Amino acid sequence: MHPVARAAAAAATAGAGALAWASLVERHWYAVRRATLPVLPEGATPVRVLHISDLHLVPRQERRIAWVRALASLEPDFVVNTGDNCSDLDAVPAVLRAMEPLLELPGAFVLGSNDYFAPTVKNPLRYFDRSHPRGADMETLELPWRELVSGFTSGGWLDLTNVRRSLSLRGLDLELVGVDDPHLGYDRYDAAPADPAADLTLGVLHAPYTRVLDAMAADGARVLLAGHTHGGQLCVPGYGALVTNCDLDRTRAKGVSRWWPGANGQPSTSAPCDAAWLEVSAGLGHNKYTPVRFACRPEATLLTLAPPSWDSGPTL
């Protein structure tokens, strides 16, 4: 065989193998990522927060439903859901079944674009084109998002859509501030300094657009939780995410980093001492029209919020 033909055949074989891995194995290879954030006052009891995002569920995905239900065995103190739960018009009952054991715990949520509107077939190259308006092609087939909100709030979770809420948890006074989905431009952040009486202010949003992250961090939120990016979904080993589907730097597409106003594109090691901790979940699912994951396992995150002396920093 000619060397060029041999190389082409090898490339085709490798590509087919990678596609098979991404579509048949890795997208089902769920993981729990853990991190410790030193954000509570000295002497406070650590708090375990389970962060779930981007479930993108269709009713037939029983494996994903069972895995999410089993997360209750981690015994978190609080659950945060940062949206994009649905990937089908009939998904809401399945989502609520997946979340049922977690709804017995204190929690809070915001919605994402795929809670409001059904996913559509897209040219994947559009994710590399920053000239088209983000979310502009989303507002097509409306999902029954009101039923989803009702299911979550009936279970006791706090709806953080463009509001601030207060919560007492394990002897701590927490302030929660959230916004509606920035990807759709629905966010209406009411800028105000963090409550000085609160032990911690925590910001919650679906898509980590820098305008919202900057505003929340400037107001004194010490922890920021977001999803939306899927961690890049298709990543390059040793390089990471290629895109984030928002204006967040690709190096922060998943995991924990430090955030302060103007931080985008800056190394986390240069963070000022009062910088917030940003945790972006790679999420658990995918658009039903792109059922693949590569070098980016689907995940939920268990965060331990603790005093600085309890641990020296995040454990990833």
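Bear in mind that the values in this text are calculations on the coordinates, not laboratory data. Treat the numbers as computed from the prediction; the structure is a model and nothing was measured. Heads up, the Cβs are rebuilt from the backbone with ideal geometry, glycines too, and the neighbour counts pull from every protein chain shown.
Annotations
- Proxy reagent accessibility, fewest Cβ within 10 Å first, across 268, 53, 154, 257: 154, 268, 257, 53
- Gyration tensor verdict on the range 3-310 (Cα atoms; rounded if a/c is under 1.5, prolate if a/b is larger than b/c, oblate otherwise): prolate
- For the range 181-193, backbone phi angles converted through the Karplus equation (6.51, -1.76, 1.60; θ = phi - 60°) give residue-by-residue couplings of 4, x, 5, 8, x, 8, 5, 9, 7, 8, 4, 6, x Hz, Gly and Pro being listed as x.
- Chain lengthening between residue 120 and residue 29 when straightened (0.36 nm per residue, less Cα-Cα): 30.3 nm
- Relative exposure of 251, 201, judged by other C-beta atoms within 10 Å (fewest first): 251, 201
- For the listed peptides 185-197, 140-152, a ranking on the average number of other beta carbons within 10 Å per residue, highest first, reads 140-152, 185-197.
- With a simple spin-label model that places each label point 7 Å from the Cα along the Cα-to-Cβ direction, the separation between residue 169 and residue 66 comes to 3.0 nm.
- Shape call, the range 34-81: gyration tensor on alpha carbons, a/c limit 1.5: prolate
- Near residue 232, once Lys and Arg are set to +1 and Asp and Glu to -1 for all other residues with Cβ below 10 Å from its Cβ, the sum equals +3.
- Once C-alpha pairs closer than 8 Å and six or more residues apart are averaged by separation and normalised to the residue number of the range 221-316, the relative contact order reads 34 percent.
- For the range 252-308, convex hull of alpha carbons as volume per residue, Å³: 117
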